[in-house]
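Here the structure is laid out as structure tokens; the discussion comes afterwards.
We did not get these values from a lab; they are worked out from the coordinates using the rules stated. Since the structure is predicted, the reported quantities are computational estimates derived from the model, not experimental observations. Positions of Cβ are backbone-derived with ideal geometry, glycine not excepted, and every protein chain shown enters the neighbour counts.
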Amino acid sequence: MTTLGLDVDSVLCDTMPLLLEKINREHGTTITPLDAVEWDFQVEDTTFDALILAAFRDAELLLSLPPMKDSQRIVKMLAKDFDIVVVTSRKELTVDATKVWVEKHFGPLQVIHTGDSKNGHALDILVDDAPHNVVPFATSGRPAILFDQPWNQEVPEHRLIWRCKNWLEVHRTIYAHALPATLYRKV
């Protein structure tokens, strides 16, 4: 069966609204998702990515994050045709909370904390929002779906990368483009 890798943050999980609400409340900032196109910008005496890491230490916050619209219904449908693996670059300190969150919203799926790269894992198709995951995956000859976010607008066009704005588009694109590309690759 074809293995479908699904990222957590900003793909399965609508991470940014609550994360930015927490950061803005605690630091008196007004950061929006449109500001989050780079992760290393300065916020007070630290960086945005350091604030994200600090916020991810809050297990209650992680467990309260909502799933992306339509993700639960679509993942349930995809599970009939694919082996689903949740792959996340979240830091090790989030392992328990991530597994609890995935089980609560999507059932008993395998969750892999990948570290920096998802390219080295046995996945046939990847759905992710991070350019540093999608581009190497597609360059290795495997189809990747780029979940559209403000921070990934500079991803170059590639014959094995398809940009999707929501889970309905992801579903259609998997069957119309990514799966046929995977089957062709295996021949």
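Structure notes:
- Exposure proxy ranking, count of Cβ atoms within 10 Å, fewest first, for I112, I125: I112, I125
- Lysine pairs meeting the criterion (Cα under 16 Å, 8 or more apart or interchain), as found in the chain: 5
- Sparse packing (at most 14 other Cβ atoms within 10 Å of the Cβ) combined with a DSSP loop state is found for the following chymotrypsin sites (Phe, Trp or Tyr not before Pro) in the range 20-54: W39, F41.
- Selected from I161, I31, I84 as most flexible by GNM, with the chain as the system and alpha-carbon contacts under 10 Å: I31
- Here the relative contact order of the range 16-63, from alpha carbon pairs under 8 Å that lie six or more residues apart, stands at 34 percent.
- Low-density loop positions, GluC sites (Glu not before Pro), the range 22-70 - DSSP coil, at most 16 other Cβ in 10 Å: E38, E44
- Seen against the Cα atoms of the chain and their longest principal axis, helix 16-27 is set at about 20 degrees.
- Fewest-first sequence of C13, C164 by Cβ atoms within 10 Å of each Cβ: C164, C13
- Loop-located GluC sites (Glu not before Pro) across the range 115-181 with a Cβ neighbour count of 11 or fewer within 10 Å are E154, E157, with loop assigned by DSSP.
- In nm, spacing of pseudo-spin labels at E21 and I112 (7 Å Cα→C-beta vector): 3.3 nm
- Comparing V155, V111, V43 in a Gaussian network model of the chain (Cα springs below 10 Å), the most mobile by mean-square fluctuation is V43.
- Farthest toward the positive end of the dipole of the chain, out of V8, F106, L34, is the Cα of F106, where the dipole comes from beta carbon charges about the Cα centre.
- Estimated 222 nm signal from helices in the chain, with DSSP H stretches of n ≥ 4 weighted -39500 (n - 2.57), rounded to 500: -10500 deg cm²/dmol
- Here r is the Cβ-Cβ distance between L34 and N166 and R0 is 25 Å; the resulting FRET efficiency, rounded to 0.05, is 0.90.
- Helix 95-106 vs. the chain, principal-axis angle (Cα, 0 to 90°, nearest 10): 60 degrees
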